[in-house]
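Heads up, the thing below is written out as structure tokens.
Read-outs throughout are calculated quantities, based only on the coordinates presented, and are distinct from any laboratory measurement. Since this is a predicted model, take the numbers as computed values, not measurements. Here the Cβ positions follow ideal geometry from the backbone for every residue, glycine too, while neighbour counts run over all protein chains shown.
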Amino acid sequence: MNVTSKQDVGGTQAPASTQKKNTKDMGKDQFLTLLIEQLKNQDPLAPMDNTEFTQQMATFSNLEQMFKINDNLVALQQISASANSTQSLGLIGKDVMATGDSVFVGADGTAAPINFNLSEDVTSAVINVLDSTGSAVRRIDCAAMSAGAQEYKWDGRGDDGQPLAAGMYKFVVSATGRNGKDLQVDPYMTGRVDSISLENGITYAHVGGSKLMMSDITKISLPTAGSATY
């Protein structure tokens, strides 16, 4: 049985949100009304088959359940997002490490350390610090390093020895393994969380000029006395 919705004739059109809600609410009433009319006006010599009647009622019941489940899921998502955002407020003021290739230079010229992970031992590595235009402003040559997490503390200066302007920079690490082949290097950024935001149900931590998803954060620590703010 095909069920068609009524259309308003004349008058002012209701807002879309109201129409959507009314369409769902009226669907049940329309279905039952049309079903009753069909039963009342059916041909006595060819009444509705019981199987067809049962299938229509089962279909209607399933649709109603789907509407309820969808509404409940939306409500749960909103509650979960709100709870995550509230819990994440505790990150403000804490130092974090996250996946990313950003490095910050503070207003006092202090630079955040450069962190990365090596999958195996390397004979040499080169760290290039890039500005916002992608131009290299500092090249750092490193000696052999063992596999694992690495932290390089640099002075926040360019190749000319002058302090770099405060702001966010990128870094790229090129490493050569003992077999002479280039290795893939996993970069990590560090910094202090200065704010938390909730956008489209996703919680973000703001570190300097970067916006981090909670899933990107790999380490959280309390600031140490005298530590710099990046």
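For Y204, what charge total do you get from the other residues with a beta carbon under 13 Å from its beta carbon, if Lys and Arg give +1 and Asp and Glu give -1?
-2
Return the sequence-ordered ³J(HN,Hα) values of region 138-147 in whole Hz as given by the Karplus equation 6.51 cos²θ - 1.76 cosθ + 1.60 applied to θ = phi - 60°, using x for Gly and Pro.
7, 10, 10, 8, 10, 7, 4, 9, 7, 5
Expected output is a single nm value to one decimal: the length gained when fully extending between E199 and K40, i.e. 0.36 nm times separation in residues minus the C-alpha distance. What is it?
So the extension gain works out to 51.9 nm.
List the trypsin sites (Lys or Arg not before Pro) within region 156-230 that DSSP assigns to loop and that have no more than 15 neighbouring Cβ atoms inside 10 Å.
The qualifying sites are R178, K181.
Compute the length gained on full extension between V126 and V172: take 0.36 nm times their separation in residues and subtract their Cα-Cα distance, giving the result in nm to one decimal.
15.7 nm
Considering amide H positions built from the backbone, and no H for Pro or chain starts, which residues 5 or more places from D121, or on another chain, come under 5 Å of its amide H?
Amide H to amide H, under 5 Å and 5 or more residues apart or across chains, D121 pairs with A147.
Only four residue types carry charge here, +1 at the Cβ of Lys and Arg and -1 at the Cβ of Asp and Glu. Report the dipole size of region 92-221 about the Cα centre in Debye, rounded to the nearest 20.
Charge dipole, region 92-221, about its Cα centre: 80 debye, nearest 20.
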